[in-house]
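Engineer: Sending over a structure as structure tokens; questions will come in a sec.
The values are calculated or read from the model by the stated rules, or taken from the named source; none is laboratory data. A quick note: this is a predicted structure, and the numbers were derived from the prediction, not measured. When we count neighbours, we look across all protein chains shown, and the Cβ atoms used for this are built from the backbone with ideal geometry, even at glycine. Quick note on the areas: whole protein, heavy atoms, side chains included, nothing else; ligands and nucleic acids left out. Shrake-Rupley method; radii C 1.70, N 1.55, O 1.52, S 1.80 Å.
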Amino acid sequence: MIKINILIATLINMATRLFKSILTWSPQSSVSRFLSVINQPDLLAIRKDLQKFEGGSVDLHTDEETGIAVMTLNNPEKRNSLTGKMMVDMADRVSQLEKWANGRGLIVLGTGGHFCSGGDLTFVQKALHYGGEMAAFQHDTLTRLHNLPLVSVALLQGHTLGGGAELSTACDFRVMSSTARIGFVQIKMGVTAGWGATTRLVHLLGRHKALGLLSSAKVFSAEEALGEGLVDHILPYSLAQSEELDECKKWLSSNYCAYDADLIQGVKSSVVYSELNPDINTSLKFEREVFTKFWGGPLQKAALAAKIKHK
Ligand SMILES: CC[C@H](C(=O)O)C(=O)SCCNC(=O)CCNC(=O)[C@H](O)C(C)(C)COP(=O)(O)OP(=O)(O)OC[C@H]1O[C@@H](n2cnc3c(N)ncnc32)[C@H](O)[C@@H]1OP(=O)(O)O
């Protein structure tokens, strides 16, 4: 009798979970569930500790009209290097973006003409006992950033070094100011990459180039970075630094954010899911789930009625 009761309770539990998962389905929620770098209680404990290392902020502006958000690193006196508090800020900004229904794109940049010079060395000095925890926290945030259902771009101005270069690889694309410089200098600082760059660079450029970038600590000019395949676009030399954000927005909007927000989110989520799921049938199932959301919908009907020619 007890066994039957347990069986019934288990079945009810499973049915409730299935029902809930159907109700809350979205491409992003499916991808988030699939990926969890570290468990929540651990994250909360690390967050509390990181928060104590003050200085700087990470701010977010979302534009409902264009669907383009701008996330800004604010610690200009220290070339936007990241304090513990900024790491927590960034995690919160990414959580906000995960819930942004109308989003298409994201630009990440630094204030004062520099992207980011890595970890704040004052923070690093004080957190020498804390590398594993900080890396786990950054892995969680930057993986979530990388997997946002938005097309993301890092706008690289001035210096992008160490952890800053790692952060840039968590974006889908990198646009570089013509005079900017980028380098994975961690090895020169006596460490290896700890914010996910090794893993992402291997996916992005292959093991050969990833090894070259990480073992040499070479700092690249914009032209060299383009040649390496590390950046996707160099902004015109003629632009003033203050004009570069607008130009980057134009580049992102016209190339990758021109279509409906739901479609863009569907495309990005499917790409992320597929990259992370080695099993082709599971990946194809996810692709079908996203596809059938749109098939026969108003966007498809409008496109068919417009008799579009792709010349
Ligand atoms: C996990 C993270 C990983 C790690 O630490 O393990 C890393 O990120 S490794 C990389 C760490 N970053 C660095 O080593 C950068 C060292 N700084 C520089 O190379 C230069 O400062 C540079 C190239 C970023 C900027 O050079 P520039 O001539 O333009 O200016 P200054 O050198 O005068 O710098 C201005 C001001 O900023 C302070 N600064 C710059 N970067 C950092 C940083 N990462 N942490 C703390 N402070 C930084 C610099 O000390 C100057 O301050 P001041 O009070 O005027 O001396």
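Engineer: To the nearest 20 Debye, how big is the dipole of the stretch 38-195 about its Cα centre, given +1 on the beta carbon of each Lys and Arg and -1 on that of each Asp and Glu? Mind showing how you got there, number by number?
Structural biologist: Details: 14 positive and 16 negative charges, 84 e Å.
The dipole of the stretch 38-195 has a size of about 400 debye.
Engineer: Could you please report the charge total around LEU226, scoring K, R as +1 and D, E as -1 over all other residues with beta-carbon less than 14 angstrom from its beta-carbon? Show your work: numbers first, answer last.
Structural biologist: Details: positive: ARG174, ARG181, LYS209; negative: GLU223, GLU224, GLU228, ASP232.
Net charge in that neighbourhood comes out at -1.
Engineer: For the chain, what mean projected area does the convex hull of the alpha carbons give, in nm²? Present the calculation step by step, with values, prior to reporting the outcome.
Structural biologist: Values: hull surface 81.8 nm².
Value for the chain: 20.4 nm².
Engineer: Which whole-number percentage describes the relative contact order of the stretch 169-278, with Cα contacts under 8 Å and a sequence gap of 6 or more?
Structural biologist: Values: 99 pairs, mean separation 35.1, N = 110.
Result for the stretch 169-278 is 32 percent.
Engineer: As I understand it, the dipole of the stretch 167-302 uses +1 on the Cβ of Lys and Arg and -1 on the Cβ of Asp and Glu, about the Cα centre. Which of ILE187, GLY266, LEU205 lies farthest toward its positive end?
Structural biologist: Towards the positive end, the residue furthest out is ILE187.
Engineer: Among GLY55, PHE294, VAL175, whose Cα sits farthest toward the positive end of the charge dipole of the chain (+1 at Cβ of Lys/Arg, -1 at Cβ of Asp/Glu, about the Cα centre)?
Structural biologist: So the residue we want is PHE294.
Engineer: Normalising by the residue count of the stretch 83-155, find the relative contact order in percent from Cα pairs under 8 Å and 6+ residues apart. The partial results should precede the final answer.
Structural biologist: Numbers: 40 pairs, mean separation 42.0, N = 73.
Reported relative contact order: 58 percent.
Engineer: How big is the dipole moment of the chain about its Cα centre under a simple scheme where the beta carbon of each Lys and Arg is +1, that of each Asp and Glu is -1, and everything else is neutral? Debye, nearest 20, please. Numbers along the way, then the final one.
Structural biologist: On the way: 32 positive and 30 negative charges, 183 e Å.
Computed charge dipole of the chain: roughly 880 debye.
Engineer: A follow-up question, please. Using a probe radius of 1.4 Å on heavy atoms only, what accessible surface per residue do you get for the chain? Whole Å² is fine.
Structural biologist: Using a 1.4 Å probe on heavy atoms only, each residue of the chain averages 54 Å².
Engineer: Could I have the simple spin-label model distance between ASN255 and LYS52, label points 7 Å from Cα toward Cβ, reported in nm to one decimal?
Structural biologist: Distance between label points: 4.3 nm.
Engineer: Could you compute the longest span of the chain free of GluC sites (Glu not before Pro) located in DSSP loops and having at most 13 other Cβ atoms within 10 Å, not counting the site residues?
Structural biologist: Working: sites that count: GLU54, GLU64, GLU65.
Counting only loop sites that pass the neighbour cut-off, the longest clear stretch is 66-311.
Engineer: Would you mind checking which residues have amide H under 5 Å from VAL108's amide H? H placed 1.01 Å from N; only 5 or more apart, or other chain.
Structural biologist: Amide H neighbours of VAL108, under 5 Å, 5+ apart: MET71, VAL153, ALA154, LEU155.
Engineer: Here's something else I'd like to know. Tell me, what is the percent relative contact order of the stretch 214-311, built from C-alpha pairs under 8 Å that lie six or more residues apart?
Structural biologist: 12
Engineer: From the phi angles alone, apply the Karplus equation (6.51, -1.76, 1.60; θ = phi - 60°) to the stretch 261-276 and give each ³J(HN,Hα) in whole Hz, x where the residue is Gly or Pro.
Structural biologist: 4, 4, 5, 4, 5, x, 5, 5, 4, 5, 5, 4, 4, 5, 4, 8
Engineer: Based solely on its DSSP helices, what 222 nm [θ] is calculated for the chain when runs of n ≥ 4 H residues each add -39,500 (n - 2.57) and the sum is averaged over all residues, nearest 500 deg cm²/dmol?
Structural biologist: Working: 14 runs with 163 residues, N = 311.
Only helices count here, giving -16000 deg cm²/dmol.
Engineer: For the stretch 201-311, place one equal point scatterer on every Cα, skip the solvent, and apply the Debye formula. What is log10 of I(q)/I(0) at q = 0.11, 0.15, 0.17, 0.19 Å⁻¹?
Structural biologist: Log-scaled intensity ratios, in q order: -0.63, -0.99, -1.07, -1.11.
Engineer: So for the chain: antiparallel DSSP bridges make up what percent, rounded to the nearest 5? Could the numbers behind the result be given before it?
Structural biologist: Numbers: 9 of 30 bridges.
That works out to approximately 30 percent antiparallel.
Engineer: Work out from phi, with θ = phi - 60° and the Karplus expression 6.51 cos²θ - 1.76 cosθ + 1.60, the ³J(HN,Hα) of each residue of the stretch 146-157, listed in order in whole Hz, and give x for Gly and Pro.
Structural biologist: 4, 9, 4, x, 10, 8, 10, 9, 9, 9, 8, 10
Engineer: Let me ask something else about it. Under the Karplus relation 6.51 cos²θ - 1.76 cosθ + 1.60, θ = phi - 60°, what is the ordered set of whole-Hz ³J(HN,Hα) values for the stretch 302-311, x standing for Gly and Pro?
Structural biologist: In residue order, the calculated couplings are 5, 5, 5, 5, 6, 6, 5, 10, 9, 8 Hz.
Engineer: Based on DSSP, what percent of beta bridges with both residues in the stretch 53-163 are antiparallel, to the nearest 5?
Structural biologist: Working: 6 of 18 bridges.
In the stretch 53-163, DSSP labels about 35 percent of beta bridges as antiparallel.
Engineer: Okay, next question. What's the carbon and sulfur percent of the chain's accessible surface, probe 1.4 angstrom, rounded to a whole number?
Structural biologist: Working: 9950 of 16720 Å².
On the chain, the fraction of accessible area on carbon and sulfur atoms equals 60 percent.
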